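See structure below.
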Amino acid sequence: FLKITLLIFLFASIGFFINFEINAQEQSEVEQLIEASQEEKRKIEDSILGIEDSIDQINGQNYSLRTKRSKLSLKLDELIEVMNEYSGFIEENEQLITSVKDQSDGLRSELEENVNSNYKNYRFSNFELLFTDQGKALDMIRNSVNFQEITQDKINQKLDKFNDLQKVTDELEEIASSTQESIDNLETEIKVVDSEISSLAAQSVSQANIKNSMLSQVATLNSEIANLDSELKNLIAAKAPTVSVGEQSGGGNTNSNSGNSTKQVQQASGDYVVTVGDEKYELTSPLTVEGSSNLKINNSSTYRGMLEFRSDTDVYAINELALEDYIKGIGEVPSSWPNAVLESQAMAARTYLVKNLGKRSSKNYDLRDDVYDQNYVGVGKETASYGQNWVNAVENTSGKVISQGGQLISAYYHSTCGGHTLNSEDVWSSSRSYAKAKSDWYSSGGSVVSYDAGSPWSYKKWGSATIDDSTMVDLVNATIYLAVDSKSSVRQNQIKRADWGGLNPTQLQAELGGEGFTSKYGELIDVKSIYNNGSSIGLNTYKTTGVLVEGSLGSVELNADLFWIVYNARTPGDLTLYYSNLWTSKKESGVWNFYSRGYPHRVGMCQWGAYGRANAGQSSEQILDHYYNNIDITSTDNMVVRIGLTKITTPNVSISGGDLSIKDANGVEVTSSGLISISPK
């Protein structure tokens, strides 16, 4: 029996070690797969940086070509105007030549008639000389000769004038011919430039597609590596508060290529029905509308320039206008703010536009009018309260853009940094030398204060529910539970609050057993946020890295990123820390509050920080020098830009403005001095 028992134990032991060896091998293989995925991810991200540089170069070439085209078009317009003047001169001269020729012919006829008449008189008077007064006959002869001489002088003068006019006309026609040749050459050059622009736009779209494909690969790899449950992600995102961004909130660009929120245009054959008074016209896409004054859509939004309606895009209307007029319509900061902020915003917005020209050329426009690019509101920005302040700031900085090393920067900006901006690579895949993390903290009266302290998002509790001690212990327990294996989809599901399908506090405590907070660390005493530079806010604080939870029997420091996940997935009501990785915990009136710092992406210029710096006496140049690294202020030419109007949410629009001209793709034109309506057929 003893031998049998020993044999069984031996075989069991061998099985255990074999099983252990297999598990260890599997674990090693998994680790190798993860390491390989991470290496692949790094390679793809390096490729993305190269593609982004390539896109920047293409956009730079596109910008140069568009600038060249604007100059050529301006020169062409000037030559056409000169040509029209020459044509007018030639026509006037030809009329004068005809008039002088008619006068000369008339004088010649008069002279011939006089000569003939006097010849007859002179012939008869010779016969009569025998019988009449010789003095009278001589007077008749002298008068005839004088008349002929005077008339011949007049004819000669007219002939001289005729010859001079003919010479001028010949010279004008020679100049006109040369001018027409220059016009033809310019038109040919513009066609070549247009072809190059189209080619570059196609290259940019192709590169962007490759980049998006690679970003998708990175996202997939991130998902495999992090293994964060997709349902949990959706719940966290759904819990995030909806914020109205734009002028009132100081919203900035998000550097996103997404456009999914825009309604897709749907219409048959690209045709439109245009109603002018009682008349209806069927016109073919694309349809353009211009007027002698600004154009108002649906008696609401007003735009400068031209409006275009077309089927091969993802918006209902496109606004084409001059670059500087577009900047006047940017609604990113309140016009009542200090001039230094307005000038900084104008230069940043202008730089972002020019840097991203052609970004959405596949949709037949350059940029959107929302926070996926920049918040563009049209003429309403100029006519609103303090609007002239904004117009002045745009005009005072006309043509000024932000560069580094001779290249335009991607002038990222945002509403609120919460005391410190982030590196571009902290938020997106790309690292940009001009978009580096910068402190917005300063010392005041022994305390550390942020320049953006005036922002409602500088230090904000998102949501209205409360966290008492028992709820806080539950959040701590959930973080401890998730930390055992943060990649486990089972644990990720279980740390969701109970009404979302997770474990309730009692179930979670049972799962932890003796490892729960109260069992191991005693009664809850304090919860402190730990930052990248310690337990208190300092001049270099930019991120919350840990949560120190103190109990009566000891303390534990939790990973801030894991606590962030638990907080967003498990807190009651609509409490969330969604918008920032910099946050502070604080007990007030017996409950625990968590204050998020900053909104939304915290890269580049902080608009509320610029507001604080301007109030402290800093100029626009000083503000830009702080938020963007190693930059120069350079200049750009005015040019035509095209903006997709996502804020026009209906395909059926009415347009008002002075002397409207509507033209379709076939050149068919309809005019109106009043209201028109446009609807897809």
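The values are calculated or read from the model by the stated rules, or taken from the named source; none is laboratory data. In this text, all values refer to a predicted model and were calculated from it rather than measured experimentally. Reconstructed Cβ throughout: ideal geometry from the backbone, glycine too, with neighbour counts over all protein chains shown. Only protein heavy atoms, including side chains, enter the accessible area calculation; ligands, DNA and RNA are left aside. Shrake-Rupley method; radii C 1.70, N 1.55, O 1.52, S 1.80 Å.
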So what does F89 come to for accessible area, using a 1.4 Å probe and Å² rounded to 10?
100 Å²
On the accessible surface of region 302-439, probed at 1.4 Å, how many percent belong to carbon and sulfur atoms?
42 percent
V603 long-range amide H proximity, modeled H, under 5 Å
L422
Accessible solvent surface per residue of region 524-681, calculated while the other protein chains remain in place, 1.4 angstrom probe, Å²
39 Å²
If you count only protein heavy atoms with a 1.4 Å probe, what accessible area per residue comes out for region 450-492, rounded to a whole Å²?
39 Å²
For I80 and S109, what is the calculated FRET efficiency with R₀ set at 56 Å and r taken between the beta-carbons, to the nearest 0.05?
0.80
Eigenvalues of the Cα gyration tensor times 5, then square-rooted: what semi-axes does that give for region 396-533, in whole angstrom, largest first?
42, 21, 14
If you plug each phi of region 166-175 into the Karplus form 6.51 cos²θ - 1.76 cosθ + 1.60 with θ = phi - 60°, what whole-Hz ³J(HN,Hα) values come out, in order, with x for Gly and Pro?
5, 5, 4, 4, 4, 5, 4, 5, 5, 5
In whole Hz and in residue order, list the ³J(HN,Hα) couplings for region 460-470 that follow from phi through the Karplus curve 6.51 cos²θ - 1.76 cosθ + 1.60, θ = phi - 60°; x for Gly and Pro.
9, 8, 8, x, 10, 6, 10, 10, 8, 4, 5
Other-chain or far-sequence residues with amide H under 5 Å of I525's (modelled H)
E550, G551, S552
Can you work out the FRET efficiency for the pair Q148 and L96, with r the C-beta to C-beta distance and R0 = 25 Å, to the nearest 0.05?
0.40
Amide H contacts under 5 Å for Q404, restricted to residues at least 5 apart in sequence or on another chain and with H modeled in the peptide plane, are I409, D632
Summarise the accessible area of region 508-640 (1.4 Å probe, protein heavy atoms) by the percent that is carbon and sulfur.
45 percent
Hey, if you put +1 on the Cβ of every Lys and Arg and -1 on every Asp and Glu Cβ in region 349-498, which of S489, S433, Y451 ends up farthest toward the positive end of that dipole?
S433
Diffing region 597-606: the Karplus 3J(HN,Hα) column from phi (6.51, -1.76, 1.60, θ = phi - 60°), in whole Hz with x for Gly and Pro, holds 10, x, 6, x, 8, 6, 10, x, 6, 8
For region 369-430, what is the accessible area per residue in Å² when the probe is 1.4 Å?
32 Å²
From the cross-link list K436/K487; K381/K681; K359/K460; K296/K663; K71/K359; K487/K528, the entries with a Cα-Cα span beyond 29 Å are K436/K487; K381/K681; K359/K460
